[in-house]
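Following: one structure in structure tokens, then a few remarks.
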Amino acid sequence: MAKICFAMTGIHVLTGIIAFLLVLNRVYGTFEADNEESYSQYYNYTALTRRLWRLVEQFPHICSLSSAGRSVESRELWVLRVTAQPVTSFNIPGRPRVKYVGNMHGDETVSRQVLVYLAEYLLTRYGAEPRVTELVDSTDIYIMPSMNPDGFERAAEEDCGGSAGRGNAKYIDLNRSFPDQFDPSGVPASDAPEVTAVIKWILQKKFVLSGNLHGGSVVASYPFDDSKSHVWSGIYSKSPDDALFQYLARTYAENHPIMRKGKPQCPDDPNVEFKDGITNGAKWYDVQGGMQDFNYLKGNCFEVTFELSCCKYPLASELHTEWNNNREALLAYMEKVHIGVKGFVMDNSGMGLPDANISVAGIDHNITTWIFGDYFRLLLPGTYNITASFPGSIPKTVNNIIVTEGKATSLNFTLKRSSEDVPMSEPLTSPVPTTEYTLTDKSFDSKEASSPEPSIQPQEFRYHSYLDMELFLQKINEAHFTITHLYSVGQSVQGRELYVMEISTNAGIDEPGKPEIMLVGNLNGPDAVGREMLLNLVEYLCSNYGSDAYVTRLVNTTRVHIMPSMNPDGYEMTIKDVTYKNGHITDLSNNFPDQYSEKDFVQPETAAVMDWIKAHSFVLSSSVTGGYPFIIECIKINLSCQLLAGIDMQTWAYWNTDSLGFSIGLSCDLSPRAEDMLTYWKENHRVLLQFIQQVHFSLRGRVTDVLSGQAVSNATIVADGSRHQVHTSSSGHYWRLLAPGTYELQASAPGYTAVSVSVTVSETRVEQVDIGLTREHPPQPEAQLEEEEFQRMLEDLSSAHGLEQLVQSLLPAGTLQYRTYSERSEFLQALTLNFPHITRIYKYIGLKTCTAPCHSWEFRTIWALEISGSPESSRPTEPKMRYVTGVHGNAAVGPELLLEFASVLCINYGGNPTITKLIDRSRIVIVPCVNPDGREVAQEGKCFSTAGFTNTHGMDLDADFLYGNLSVQPETRAMMDLIEGGGFSLSVNLEGGSLLVTYPYDKTTQPAQNEETLKYLASVYANNHPAMHYGFPGCRYGPGMRERSIVPGGILRGAEFSSHPGSMKDFCMDVALCPEITVYTGCCLYPPAQQLFSLWEEHRMALFAMLLEMHKGVSGVVRNRKGQPVSNALISVNGSVFVHTDTWGHFHTLLPPGTHQLLVHAQGFQQQLRQVMSSHQRASPLVIEFTENSSHFSQGVVLAAASKKQLNLSANSQLIII
């Protein structure tokens, strides 16, 4: 690619931009050519993953990628979904689902490639070819190219017999491992996790039609695959749908040029013949435990097996021929999902009935409806009598239904409830309110209100294992998707998800005026009562929504979050032994940290729940337990709590958040008999509903600015007689639970005059108290409007797809190429010449003269480029961001990504309003190469070469950042000067050799005190990368890769990845108090230049996401009563993170979303304790006004900075809360 010069003025600048676009066109053209299928190579796992993600990026409107599970060696079982529906729509009613599964035997490889080709064919021809367009518009297509990725990695090309790789990594034949009609045991899940994952997938999706693609012959084989006698061959095992299966198999065979002849002429059996190219599976040879039969008998799905080639692993040069042989057959077979009869089964109210039975007279095989009550019964042309039935309803039969060739006949059923069942209450005749209660409804006027006996009770009362619970929640989530949102807040010690089901209209969305409540069960391992009652409560609320007025009202007006099990590990261990404890043998019920103890004993489950609680504004919370039948108020402030290793969840939530917490005991037994669970449900379900209702019997209201009428977020509400504070949400709403009585309520917010109002709380009324606050020092209108506009922009960019839309709208630079040191220097200088108003380049790195030469041993300058709206001056509130790369010269991708990033920022400044505002409000420093000497000797195309890893003197620069080291390398000294003098809020370092993000510390030490923040920042980058967050780097080499193939969430503490002292990010944390994350951009350290564009596309959104993140967290100003700034004030965040105010009294600290405690101290002033809420969408502003302290802290907190590396809290300090 030709080098681009920016040194132009006037009309030449326009010419330069046009040159950018021409280069971009060449890059795009090359990229498209590179990504067209060549049909001449096999994809290994890494290449397959990248290819599938590339398809998703190119066709996001009709394509999405997910994983059905993982293999033994933790490779993803990728599933590409193709259908004409936005990817946000998880399930589509009335659209049949068809799937293809390939590479079940790892050594049978043609199917793996053919299915990728099929996906590309559908995607590229959608909208151009009517046949493909109709198929994608009307069908939900799922493609799993490889069910056995581990086996494929062991197989060898041109091995036609398949001597290696047939089984999975534990040498298990996956097509002999499914539960069989004659032997339902299957194999242990640990031996074949691939089978477990696919079974779960089949049962969840209820596919209508399926093809299983194999190799070793050329024939279509249909059920059954085995017989009761298990005679090796010659026994025709006929299914009830035998004629239909023959038709489906023949459809594929007739459209395959070799298969239709019935004479594969394979070398190992040249004389075998198959009439019409099809065979009954068992007649050919007996297969016990096959996937094909499981689909038919258990999965609602008609599956046929297709053997595609005599040679299991032919040469790659034959792939194009195999694609041509199978293309028409694959399309024609999928189209058969639309034959037969289709429709919905509904109740009297029009609601779909999932799992209703559809039976056809004369065919001894029933299917069941899906989650929306929809069904698809494949049938041959003819006349049929069809019956629909559902438990508790009167079956209905429709006779003489005519099925013709082609499209399915539509047949809907409406079933009436049987007289023996409890009648369903009449549907609501008026619209249900969506946000607020009205006091005209008696059911909400009194705490004594009760619900009428519900029309639908939970269907089963039993104990659920973890897998049972997971399937149950997923099924409920799919069946009631309009009011449910299933999510996980984290994982247990043993890797089980901590599931939460939110039940509400617009679930998952924070709606103004709608309070939140949380219920948590199973903190103690053997406590089954709380776990099962909460699962029943989930089912009850969902099943009765829309038919029971009481339940409907609760769901419409409340965000109910239910975590059935906080301790899934402990529960699973109770199967073998009774334990209260988790996988680390810790009692979680008292594992929450108090105000005085360290946090190092906190378990992963507890930490996840703490983060969850802080991220929400729960008004009311409860643990639901067995062991004692009463409610314990958990607002403990007595000193006995200090003697324990930890405290309970309710006490912690009360001290650290707005929530009032309780523990509800439902039984004397922890694990009663399963048959007694119905009794416990009958005794407690109304109480649970009334407990949820209590969230509405509270003081509530909204705090607004008197002048503007705008909401005041994070305002503090305090009732006299209580130290418990609650805070307003982003919409200004608050809730405060109080006992009946009269109270003085005080509302305050930074920059506003506090207001007190008198309020009387009644036992039967909901009090609405709106409060207006007046600003103490009204800001200048222009500045205020500018700030509000910028915060709104941050919110928009942080919303779903907001950042993605921005990135896609930007004018590209198209400057990607590998550069030598001289070319890089010229490029940076050209940028500053063409964009002088927003850029400047440091010949001496940092804002001061270096204490050592600012160049390498070979006298190459270590350049730093600053991009800002005012590079020659700075505003006190401008945060600073550092992007750095090239610490290791052989990691060549990072420098080019950052130069492209800088170019995109510059050419979009002034043209794109969002980029213009971001640059105007930021100071962005880019260091494109710390180790220029090493970069010069690195070798292109060498993915794992160490050439250039060190500097000229053989020093690994990322082990040279040792505080106080007088003999550091010149490159290290230059970066130390920049880090110490820069005042940065956040830093991102790009590396190579893997695909993940690490956060401090790299040295072997205890986790950083602000690890919660560091993990959050790392996750922001990983979550904005299309593949990184899946947590599978896919690298065979690199630090820790042999020992670690899974990286949860794509993030790791540095020491867990590559432990070493003297790293740049550790120095940055210890000396500059600035968080730095290290991003590993890809497995190959120095990939070919043509891959740079795809790497830029993968990382560009994440790079912009970090720039946005710098503007979030908590920022503010500290001043005295006269309004004068207080410099060098010390702010302690959550008792661990320390930041200082600058000369103007400003401070800024990055925090994860949630509630945080700030202790602010400055010499000569009384300290202040503030509780603030940090948002993932915008910064939380804070104004702290100090009062002079005449005692000069004789009894106050003393915070001393012993050095730049350590801050200590004196042993005799007191905590003063005002």
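The values are calculated or read from the model by the stated rules, or taken from the named source; none is laboratory data. Just so it is clear, the model here is predicted, and its values are computed rather than measured. As a convention, Cβ positions derive from the backbone with ideal geometry for all residues, glycine included, and neighbour counts pool all protein chains shown. Each accessible area value is taken on the protein alone, full model and side chains, heavy atoms only, with ligands, DNA and RNA left out. Shrake-Rupley method; radii C 1.70, N 1.55, O 1.52, S 1.80 Å.
Leaving out ligands and nucleic acids, and using a 1.4 Å probe, what accessible area per residue does the range 67-199 come to in Å²?
Result: 32 Å² of accessible area for each residue.
Going by the alpha-carbon gyration tensor, a ≥ b ≥ c the square roots of its eigenvalues, is the range 157-272 rounded (a/c under 1.5) or, if a/c is not under 1.5, prolate (a/b greater than b/c) versus oblate?
oblate
I need the phi-derived Karplus couplings for the range 275-289: 6.51 cos²θ - 1.76 cosθ + 1.60, θ = phi - 60°, integer Hz, Gly and Pro marked x.
3J(HN,Hα) across the range 275-289, in whole Hz: 4, 6, x, 10, 7, 6, x, 5, 5, 5, 7, 6, 10, 8, x.
Of the heavy-atom accessible surface of the range 915-1053 (probe 1.4 angstrom), what whole percent is carbon and sulfur?
C and S atoms contribute 49 percent here.
Less than 13 Å Cβ to Cβ from ASP705, Lys/Arg counted +1 and Asp/Glu -1: what total charge do the surrounding residues give?
-1
For the range 488-542, what is the accessible area per residue in Å², given a 1.4 Å probe and the full set of protein chains?
On a per-residue basis, 20 Å².
Over the range 274-378, what percent of the accessible surface lies on carbon and sulfur atoms, probe 1.4 Å?
47
Please list the non-local residues whose amide H lies under 5 Å from the amide H of ILE1051, H modeled 1.01 Å from N, same-chain partners needing a gap of 5 or more.
Here the answer is VAL997, since their amide H atoms fall under 5 Å of that of ILE1051.
Net charge near PHE294, counting Lys/Arg +1 and Asp/Glu -1 over other residues with Cβ under 11 Å of its Cβ?
Cβ neighbours under 11 Å give a net charge of -3.
So, with a 1.4 angstrom probe, what is the percent of accessible area on the range 1073-1186 that is carbon and sulfur?
C and S atoms contribute 49 percent here.
Arrange the residues ARG559, ARG1121 by how much accessible surface each exposes, largest first, with a 1.4 angstrom probe.
Sorted descending by solvent-accessible area, the residues read ARG1121, ARG559.
Mind listing the phi-derived Karplus ³J(HN,Hα) values for the range 108-118, rounded to whole Hz, using 6.51, -1.76 and 1.60 with θ = phi - 60°, and x for any glycine or proline?
Per-residue couplings from phi come out as 9, 9, 4, 4, 4, 6, 4, 6, 5, 5, 4 Hz.
Mind grabbing the accessible area of ILE664 for me, 1.4 Å probe, Å², rounded to tens?
For ILE664, the solvent-accessible surface is approximately 10 Å².
Under a plain spin-label model, where a point goes 7 Å from the Cα along Cα-to-Cβ, how far apart in nm are ASP268 and LYS228?
Going from the ASP268 label point to the LYS228 one covers 3.2 nm.
Largest first, how would ARG1170, ARG923, ARG125 line up by accessible area (1.4 Å probe)?
Greatest to least solvent exposure: ARG125, ARG1170, ARG923.
Can you compute 3J(HN,Hα) from phi for each residue in the range 807-822, using the Karplus curve 6.51 cos²θ - 1.76 cosθ + 1.60 with θ = phi - 60°, rounded to whole Hz and x for Gly and Pro?
Coupling constants for the range 807-822: 4, 5, 8, 6, 5, x, 8, x, 9, 5, 6, 7, 10, 6, 4, 5 Hz.
In the range 684-760, which trypsin sites (Lys or Arg not before Pro) are in a loop and have at most 16 other Cβ atoms within 10 Å, using DSSP for the loop call?
Here the sparse-neighbourhood loop sites are ARG723.
Heavy atoms of the protein only, probe of 1.4 Å, neighbouring chains included. What is the accessible area of TYR466 in Å², nearest 10?
About 20 Å², ignoring ligands and nucleic acids.
Accessible area per residue for the range 645-721 in Å², computed with a 1.4 Å probe and the full protein assembly in place, what is it?
36
Mind ranking ASP183, ASP510 by accessible surface for me, highest first, 1.4 Å probe?
The ordering from most to least exposed comes out as ASP510, ASP183.
R0 = 30 Å: FRET efficiency of GLU776 with THR1143, Cβ-based, nearest 0.05?
Efficiency, from the Cβ-Cβ distance: 0.85.
So how far apart, in nm, are the two label points at GLU254 and GLU804 if each is 7 Å from Cα heading toward Cβ?
With each label placed 7 Å out from Cα toward Cβ, I get 4.1 nm.
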